[in-house]
Amino acid sequence: MAEVQIGKTYPVQSRLKPKSKKPTSTTESKYWKKSYKTTQIPNLIYPITSIDFSPLTNDFVTTYSASATLYSSQTLEPTSKFTSFNDIAYSASYRHDGKLVAFGGESGDVQVFDLKTRSALRRLKGHYRSVRCVKYPKFDNLHLFSGGDDTFVKYWDVASETELLSFQGHKDYVRSGASSPVSSDLFVTGSYDHTVKLWDTRVSSMNSTMNINHGKPVEDVIFLPFGSLLATAGGNSVKIWDVTSGGKLIYAMESHNKTVTSICVGKILQDGSPESDESRLLSVGLDGYMKVFDYSALKITHSMRYPAPLLSVGVSSDSSVRVIGTSNGVIYAGKKKKKDVDGVSGKELGEYSISSVPEKRALRPTNFRYFQRSQSEKPSRGDYLIKRQAKVKVTEHDKLLRKFRHKEALVTVLNGKSPHDMVAVMEELVARKKLLKCVSNLDGDELGLLLNVLHKYCTVPRYAGFLIGLTKRVAQMRAEDIKSSDTLKGYVRNIKRSLMEEITCSFCEGVLWWQDGSGAVCAAVASYVFSHRNC
């Protein structure tokens with residue numbers, strides 16, 4: 001007679017499996033983590049105080065100690081070095097045509113260099129303390145503004161080395177600034193007096209046109225694309241402000257554990273077309289984390305940890321290069337991985353010529369590769385991928401449960417090493433109302449196996465609520481068998497000892513971790529076990 005089987009079943013799973021606390025990896029998180037190949041540039045020794053990208057070539061310049069170095073975006077290797085500094089260099093800033101770059105310094109001077117000759121063209125003297133903020137206006141080749149530890153913000157005519165305007169509104173060090181992307185006459189500065197001020201060079205009163213109180217010393221400030229929003233970083237928070245409504249606070253992100261030192265804007269490419277680019281706000285801090293913030297959805301989309309405090313961050317205009325500077329002189333430069341025409345990662349097309357690519361032999365049915373063709377092909381961008389349904393692995397106890405061989409399924413998992421499978425099978429037998437019947441039919445060796453399993457796992461918090469109740473029922477049902485066997489008595493003594501240790505520990509420490517009435521069940525089991533002194 002053929003055995004009766006269920007038409008369609010699924011592997012048994014324990015309901016006691018805890019939920020994972022590890023966050024799931026999203027598509028955007030994979031983009032920021034896996035689409036960049038990170039290279040370390042070590043041995044700079046001194047902290048990387050600033051990073052800025054050329055608007056034309058995507059080359060970037062970094063400042064550290066009394067020098068500044070220009071790096072190629074293609075090879076991530078240094079191409080030239082600026083050493084005409086008397087002290088520490090700060091705040092590298094490219095002009096919008098990419099031909100000149102300006103630096104601040106500890107000495108209080110602002111120097112302007114020609115990238116081709118690497119010579120200092122202009123030296124602007126007006127600050128009497130260190131200059132931490134130097135920026136070129138968005139569409140202006142003739143002027144720049146600077147802010148220093150003397151609390152002054154100055155507007156310069158670079159060609160004549162003349163100070164045109166001097167704004168005095170801050171009460172502490174001016175450490176950051178940004179020019180408006182929509183007007184060359186507007187720029188903002190952030191200070192350690194907790195304020196961010198918007199300046200207009202067309203206003204003759206020299207007063208700021210808008211004041212924002214960040215609440216903590218401001219480390220960095222930038223305009224977001226289109227110029228209507230402003231992002232400020234200070235303390236452990238990054239805040240978004242609406243400039244058009246007079247500086248109204250939109251959102252405050254406080255996910256960093258320590259001071260946020262630098263912020264910048266990067267783009268994420270969704271489907272390969274430039275029109276689909278979305279901007280993200282990147283922030284780094286002394287806690288070693290880089291955070292990616294979607295300010296349109298007001299949520300953090302990615303977080304990455306580095307082994308040192310982070311001081312500066314920069315992303316190229318097309319997001320092909322991402323550079324992060326640390327306090328120990330190491331630069332983490334990430335370059336976007338190249339993709340060929342089909343969208344499959346591989347070598348850059350410039351690494352080999354067409355003539356060097358070997359011609360493939362024509363496939364014929366006499367060749368083994370003819371029958372293996374296309375099995376290793378990877379999907380191209382835009383392909384609709386249909387995944388083959390994964391074959392479910394059926395374990396031995398699942399096969400036995402399909403055939404309603406309940407006792408054999410129970411004995412099989414008791415001989416195994418997975419407590420998760422043991423509890424899952426027991427719960428399934430409870431649902432089928434067969435567990436107690438299986439326990440009553442166990443012989444001496446199988447009963448000893450069950451008691452040994454109960455001794456191992458009945459005090460584990462994850463399984464205690466279920467196994468302690470089962471231990472009580474097993475002790476009640478098989479009391480006569482236990483009394484007649486010294487081996488089974490030994491298992492019961494071990495269970496009693498484990499329960500007493502847990503009860504004593506919970507009473508001494510005042511911590512009762514049993515849930516769903518497990519404490520009461522444990523006390524009942526303990527009282528029952530103690531009542532059978534002969535065991």
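Taken over region 464-476, the criterion of being touching a Phe, Trp or Tyr at 6+ places or on another chain (Cβ under 7 Å) and surrounded by 22 or more Cβ atoms within 10 Å (Cβ to Cβ) is satisfied by 464, 467.
Residues in region 379-398 that are of a type outside the set (A, V, I, L, M) and surrounded by fewer than 10 Cβ atoms within 10 Å (Cβ to Cβ): 382, 384, 387, 388, 389, 391, 393. Please verify whether residue 284 is modelled with pLDDT of 95 or more, buried (at least 16 other Cβ atoms within 10 Å of the Cβ) and more than 15 Å from residue 26 (Cα to Cα), treating the condition exactly as stated. In short, yes.
Looking at region 120-144, which of the residues that are touching a Ser or Thr at 6+ places or on another chain (Cβ under 8 Å) and assigned to a loop (DSSP other than H, G, I, E, B) is farthest from residue 86 (Cα to Cα)? Even if it seems obvious, please write down each step before you answer.
To start, the set of residues in region 120-144 that are touching a Ser or Thr at 6+ places or on another chain (Cβ under 8 Å) comprises 120, 124, 126-127, 130-140, 143-144.
So of that shortlist, the ones also assigned to a loop (DSSP other than H, G, I, E, B) come out as 126-127, 130, 136-140.
Details: 126: 16, 127: 15, 130: 12, 136: 22, 137: 26, 138: 29, 139: 30, 140: 28 Å.
The extreme case among them is 139.
Table: residues versus (1) in contact with a Ser or Thr (Cβ under 6 Å, 6 or more places away or on another chain); (2) more than 20 Å from residue 132 (Cβ to Cβ).
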residue: 43; (1), (2): no, yes
residue: 49; (1), (2): yes, no
residue: 54; (1), (2): no, yes
residue: 85; (1), (2): no, no
residue: 99; (1), (2): no, yes
residue: 116; (1), (2): no, yes
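Within region 458-466, at least one residue is modelled with pLDDT under 90, under 27 Å from residue 12 (Cα atoms) and in contact with a Gly (Cβ under 8 Å, 6 or more places away or on another chain). When residues of region 195-214 are filtered for being closer than 26 Å to residue 250 by Cβ and open to solvent by less than 70 Å² (accessible area, probe 1.4 Å), how many remain? The number of residues fulfilling the criteria is 11. Each residue in region 370-422 was checked for being in a helix (DSSP H, G or I) and over 19 Å from residue 448 (Cα atoms), and 11 pass. Name the pairs whose Cβ atoms lie under 9 Å apart, with the first residue in region 149-163 and among the polar types (S, T, N, Q), the second open to solvent by less than 20 Å² (accessible area, probe 1.4 Å), and 6 or more positions between them or separate chains? The qualifying pairs are 151/170; 151/174; 151/191; 162/124; 162/156.
Is one or more of the residues making up region 62-80 over 30 Å from residue 167 (Cα atoms), in a strand (DSSP E or B) and open to solvent by 60 Å² or more (accessible area, probe 1.4 Å)? Looking for residues that are over 30 Å from residue 167 (Cα atoms), in a strand (DSSP E or B) and open to solvent by 60 Å² or more (accessible area, probe 1.4 Å), one finds at least one in region 62-80, hence yes.
Could you check, for region 48-58, whether at least one of its residues is more than 15 Å from residue 316 (Cα to Cα) and either out of contact with any Phe, Trp or Tyr (no Cβ under 9 Å at 6 or more places or on another chain) or open to solvent by 20 Å² or more (accessible area, probe 1.4 Å) (or both)? Give the derivation first.
Within region 48-58, the subset more than 15 Å from residue 316 (Cα to Cα) is 48-49.
Remaining after also requiring either out of contact with any Phe, Trp or Tyr (no Cβ under 9 Å at 6 or more places or on another chain) or open to solvent by 20 Å² or more (accessible area, probe 1.4 Å) (or both): 49.
The answer is yes, given that some residue of region 48-58 is more than 15 Å from residue 316 (Cα to Cα) and either out of contact with any Phe, Trp or Tyr (no Cβ under 9 Å at 6 or more places or on another chain) or open to solvent by 20 Å² or more (accessible area, probe 1.4 Å) (or both).
So is residue 247 touching a His at 6+ places or on another chain (Cβ under 7 Å), over 17 Å from residue 296 (Cα atoms), open to solvent by less than 30 Å² (accessible area, probe 1.4 Å) and not polar (S, T, N, Q) or not? For residue 247, the condition - touching a His at 6+ places or on another chain (Cβ under 7 Å), over 17 Å from residue 296 (Cα atoms), open to solvent by less than 30 Å² (accessible area, probe 1.4 Å) and not polar (S, T, N, Q) - is not met. Among the criteria (1) under 35 Å from the mean Cα position of the chain (by Cα); (2) farther than 27 Å from residue 40 by Cβ, the one residue 101 does not fulfil is (2).
Each row is one residue, and each column tells you yes or no for (1) at pLDDT 90 or above; (2) among the β-branched types (Val, Ile, Thr); (3) touching a strand residue (DSSP E or B) at 6+ places or on another chain (Cβ under 9 Å).
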{"site": "49", "(1), (2), (3)": "yes, yes, yes"}
{"site": "54", "(1), (2), (3)": "yes, no, yes"}
{"site": "57", "(1), (2), (3)": "no, yes, no"}
{"site": "61", "(1), (2), (3)": "yes, yes, yes"}
{"site": "64", "(1), (2), (3)": "yes, no, yes"}
{"site": "69", "(1), (2), (3)": "yes, yes, yes"}
{"site": "72", "(1), (2), (3)": "yes, no, yes"}
{"site": "82", "(1), (2), (3)": "no, no, yes"}
{"site": "87", "(1), (2), (3)": "no, no, yes"}
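For region 343-358, the count of residues that are surrounded by 11 or more Cβ atoms within 10 Å (Cβ to Cβ), at pLDDT 80 or above and of a type in the set (Ser, Thr, Tyr) is zero. Could we say that residue 153 is touching a Ser or Thr at 6+ places or on another chain (Cβ under 9 Å), more than 15 Å from residue 61 (Cα to Cα) and either modelled with pLDDT of 90 or more or among the charged types (D, E, K, R) (or both) here? Answer is yes for this residue. Of the candidates 216, 197, 171, the single residue that is within 21 Å of residue 150 (Cα to Cα), under 30 Å from the mean Cα position of the chain (by Cα) and among the charged types (D, E, K, R) is 216. Of the residues making up region 32-58, those that are touching a Leu at 6+ places or on another chain (Cβ under 8 Å) and farther than 22 Å from residue 176 by Cα are 39, 41.
Here residue 249 passes the criteria (1) aliphatic (A, V, I, L, M); (2) in contact (Cβ under 8 Å) with a residue 40 or more places away in the chain; (3) out of contact with any Cys (no Cβ under 8 Å at 6 or more places or on another chain) except the one numbered (2).
Note on region 163-180: residues that are part of a strand (DSSP E or B) and surrounded by 14 or more Cβ atoms within 10 Å (Cβ to Cβ) amount to 9. Filtering region 120-151 to residues that are crowded, with 23+ Cβ neighbours inside 10 Å and more than 21 Å from residue 169 (Cβ to Cβ) leaves only 136.
The values are calculated or read from the model by the stated rules, or taken from the named source; none is laboratory data. A quick note: this is a predicted structure, and the numbers were derived from the prediction, not measured. Here the Cβ is made from the backbone with ideal geometry for all residues, glycine too, and neighbour counts use every protein chain on show. Note: areas computed on protein heavy atoms with side chains; ligands, DNA, RNA excluded. Shrake-Rupley method; radii C 1.70, N 1.55, O 1.52, S 1.80 Å.
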